[in-house]
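Take a look at the structure below.
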Amino acid sequence: MPRLLLFDIDGTLMDTGGAGGASLLDAVEDVLGVSRSQLAPLDLAGATDAGVVRSLFSQTGHDLQDTLVNQYLARYLTRLRERLHHDSFTGRLLPGVESLLLQLRTLAQADLGLLTGNVREGANIKLQRFQLDSFFLEGAFGDDAEDRNLLGPFATRRIQAITGHEYAPEDIIVIGDTPKDIACARAIGARCLAVGTGTFQAAALAGHSPWQCLEDLSETDRICDLLLN
């Protein structure tokens with residue numbers, strides 16, 4: 001049975017150069033009418049967008065009313081598109097990502113999915129910016145649950161429905177860059193390949209006892225061997 005490989009996005013596949021966080025704050029100013037200078041610094045490492053929205057609404061004195069949340073998210077997505085395609089955009093794919101995904105896509109032993117704190121449309125916008133959207137069958141997103149530890153079953157069910165494969169926990173590997181990725185893998189009995197390409201260096205991630213911990217994803221053949229054997 002193929003392995004199910006669930007990739008985080010920010011800090012694992014790409015660095016958006018701060019565009020994601022800046023767009024969240026743009027929407028606070030545009031929709032909630034509060035200056036970003038009045039807010040505590042965003043802590044986005046391993047966070048879900050639903051959790052970030054709850055924190056921002058609380059800080060600005062707004063209830064999580066559906067209409068206002070939807071207005072906020074719509075503005076966030078608009079500003080995210082603008083920032084990702086602006087001439088000043090400095091984002092990049094992280095080392096080895098494109099080569100690894102290209103190789104994994106050719107191998108029958110791997111089904112590729114997403115496990116990300118981004119809302120679904122935000123994830124799509126980021127992946128499309130770097131032409132990565134065609135690599136992934138489905139996934140779990142930050143609008144599925146506020147608690148990242150609850151996301152794994154969403155991804156597994158959706159991808160099972162597409163492939164017809166039944167994934168045992170030992171056949172699922174989460175690839176991510178934060179302690180929260182390690183924890184959410186553990187929550188479903190899966191393994192985590194942690195990479196030090198985001199906020200946390202590999203040495204810090206190793207302290208959370210992931211299955212494997214690497215500096216980055218640049219050694220394509222070695223990582224494929226780890227993931228599939």
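The values are calculated or read from the model by the stated rules, or taken from the named source; none is laboratory data. Worth saying up front: this structure is predicted, and the values here are computed from it rather than measured. Positions of Cβ are backbone-derived with ideal geometry, glycine not excepted, and every protein chain shown enters the neighbour counts. Side chains included, ligands, DNA and RNA excluded: accessible areas come from the protein's heavy atoms. Shrake-Rupley method; radii C 1.70, N 1.55, O 1.52, S 1.80 Å.
Tabulated data for the structure shown
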read-out: Options L193, L137; residue that is closer than 28 Å to L84 by Cβ, open to solvent by less than 70 Å² (accessible area, probe 1.4 Å) and modelled with pLDDT of 95 or more; value: L193
read-out: Residue in the range 211-219 that is more than 23 Å from L44 (Cβ to Cβ), without any contact (Cβ under 8 Å) to a residue 12 or more places away in the chain and open to solvent by 30 Å² or more (accessible area, probe 1.4 Å) present; value: no
read-out: Residue count for the range 157-168, restricted to those that are out of contact with any helix residue (DSSP H, G or I) (no Cβ under 9 Å at 6 or more places or on another chain) and either of a type outside the set (D, E, K, R) or in contact (Cβ under 8 Å) with a residue 60 or more places away in the chain (or both); value: 7
